[in-house]
1. Could you list all residues from segment 42-66 that are among the basic types (Lys, Arg) and either farther than 16 Å from Glu21 by Cα or without any contact (Cβ under 8 Å) to a residue 24 or more places away in the chain (or both)?
2. Just for segment 1-24: of the residues that are in a loop (DSSP other than H, G, I, E, B) and free of Cβ contacts under 8 Å to residues at least 60 places away in the same chain, which one is surrounded by the most Cβ atoms within 10 Å (Cβ to Cβ)?
3. So which residues in segment 70-93 are touching a residue at least 12 places away in the same chain (Cβ under 8 Å) and not hydroxyl-bearing (Ser, Thr, Tyr)?
4. Of the residues that sit in segment 25-41 and are among the acidic types (Asp, Glu) and modelled with pLDDT of 95 or more, which one is most open to solvent (accessible area, probe 1.4 Å)?
5. List the pairs whose first member sits in segment 26-41 and is under 14 Å from Tyr71 (Cα atoms), whose second member is assigned to a helix (DSSP H, G or I) and among the acidic types (Asp, Glu), and whose Cβ atoms are under 7 Å apart, counting only residues at least 6 apart or on separate chains?
Amino acid sequence: MEKFEIFKELIIKEKYFEAHEILEAEWHKIRKSDNDLKWALKGLINAAVAMEIKKRKRDGYKLVWKNFEKYEKYYDLDENIKKTAEFVRKYKP
């Protein structure tokens with residue numbers, strides 16, 4: 001199963017921390033590059049983190065969610081990322 005499909009399955013199962021880990025591994029591979037996809041991955045990672053914070057009933061999830069929104073312009077760079085971002089929006093905490 002492809003990483004974005006795994007990410008979505010984990011979101012559905014409310015395993016937000018695990019979802020974050022799936023994409024963070026990919027982000028680490030490109031985080032120091034000039035590849036703008038690193039920002040799209042960072043945004044999706046932040047979405048999962050915001051959901052996990054809300055699940056744990058902690059404050060601050062809205063600020064973290066804003067980081068997902070902050071990187072919105074990068075989601076159109078890749079069709080899989082775009083579809084994943086659209087999916088994630090449905091789970092806004």
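The values are calculated or read from the model by the stated rules, or taken from the named source; none is laboratory data. Model, not experiment: these values are computed from the prediction. With ideal geometry, Cβ positions are generated from the backbone for all residues, glycine too; neighbour counts draw on all protein chains shown. Surface areas here come from the heavy atoms of the whole protein model, side chains and all, with no ligands, DNA or RNA. Shrake-Rupley method; radii C 1.70, N 1.55, O 1.52, S 1.80 Å.
1. Lys54, Lys55, Arg56, Lys57, Arg58, Lys62, Lys66 - these are the residues of segment 42-66 that are among the basic types (Lys, Arg) and either farther than 16 Å from Glu21 by Cα or without any contact (Cβ under 8 Å) to a residue 24 or more places away in the chain (or both).
2. Only one residue tops the list, namely Lys15.
3. If the condition is that a residue be touching a residue at least 12 places away in the same chain (Cβ under 8 Å) and not hydroxyl-bearing (Ser, Thr, Tyr), then Lys70, Glu72, Leu77, Asp78, Asn80, Ile81, Lys83, Ala85, Phe87, Val88, Lys92, Pro93 are the ones that fit.
4. Looking at the filtered set, the residue picked out is Asp34.
5. Leu41/Glu26
Yes/no matrix, rows are residues, columns are (1) within 11 Å of the chain's Cα centre (by Cα); (2) under 16 Å from Phe7 (Cα atoms); (3) surrounded by 13 or more Cβ atoms within 10 Å (Cβ to Cβ); (4) not β-branched (Val, Ile, Thr):
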residue: Ile53; (1), (2), (3), (4): no, no, yes, no
residue: Lys57; (1), (2), (3), (4): no, no, no, yes
residue: Lys66; (1), (2), (3), (4): no, no, no, yes
residue: Asp76; (1), (2), (3), (4): no, no, no, yes
residue: Glu79; (1), (2), (3), (4): no, yes, no, yes
residue: Lys83; (1), (2), (3), (4): no, yes, yes, yes
residue: Lys90; (1), (2), (3), (4): no, yes, no, yes
